[in-house]
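The values are calculated or read from the model by the stated rules, or taken from the named source; none is laboratory data. Given the structure is predicted, the values throughout are model-derived calculations rather than measurements. In this analysis, Cβ positions are derived from the backbone assuming ideal geometry, glycine residues included, and neighbour counts consider all displayed protein chains.
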């Protein structure tokens with residue numbers, strides 16, 4: 001009985017730290033199980049990652065400056081070819097999405113442009129919604145900024 005109680009307490013302490021809920025409509029999933037990232041060599045296209053990105057030019061008014069974490073899907077990985085043409089992005093010929101020129105309030109959005117092979121340690125992150133704020137606007141993220149692999153639960 002004591003062991004069961006102790007196990008319940010440990011799971012109750014550990015599990016909430018491993019669950020993340022995304023309130024953004026940029027992804028098709030809302031609830032994720034977070035697995036610490038120790039080996040970026042195991043990242044593949046289509047994985048969901050939690051990463052830190054401090055150098056954002058576009059911040060919604062009222063956001064805490066420390067709120068620099070995102071969950072997005074990997075669109076292109078190091079060694080793969082990313083192509084940009086007229087606001088359209090593709091990786092190895094697979095369409096990733098279009099960049100918008102203005103946000104919902106009419107403000108101009110930065111436009112990332114790159115044609116070539118992704119450098120080592122750089123990742124192109126994409127949301128699944130047309131209005132997702134992702135690498136189409138802020139560019140590559142660095143492998144050192146990846147915190148977790150996010151496994152969709154719901």
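Computed quantities for the displayed model
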item: Matching residues, region 123-154, being surrounded by 18 or more Cβ atoms within 10 Å (Cβ to Cβ) and assigned to a loop (DSSP other than H, G, I, E, B); result: 127, 132, 133, 134, 140
item: Region 65-122, subset out of contact with any strand residue (DSSP E or B) (no Cβ under 9 Å at 6 or more places or on another chain) and under 17 Å from residue 53 (Cα atoms), residue surrounded by the most Cβ atoms within 10 Å (Cβ to Cβ); result: 110
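Rundown of residues vs (1) more than 15 Å from residue 145 (Cβ to Cβ); (2) modelled with pLDDT under 85; (3) more than 16 Å from the chain's Cα centre (by Cα), yes/no style:
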| site | (1), (2), (3) |
| --- | --- |
| 30 | yes, yes, no |
| 37 | no, yes, no |
| 72 | no, no, no |
| 103 | yes, no, yes |
| 106 | yes, no, yes |
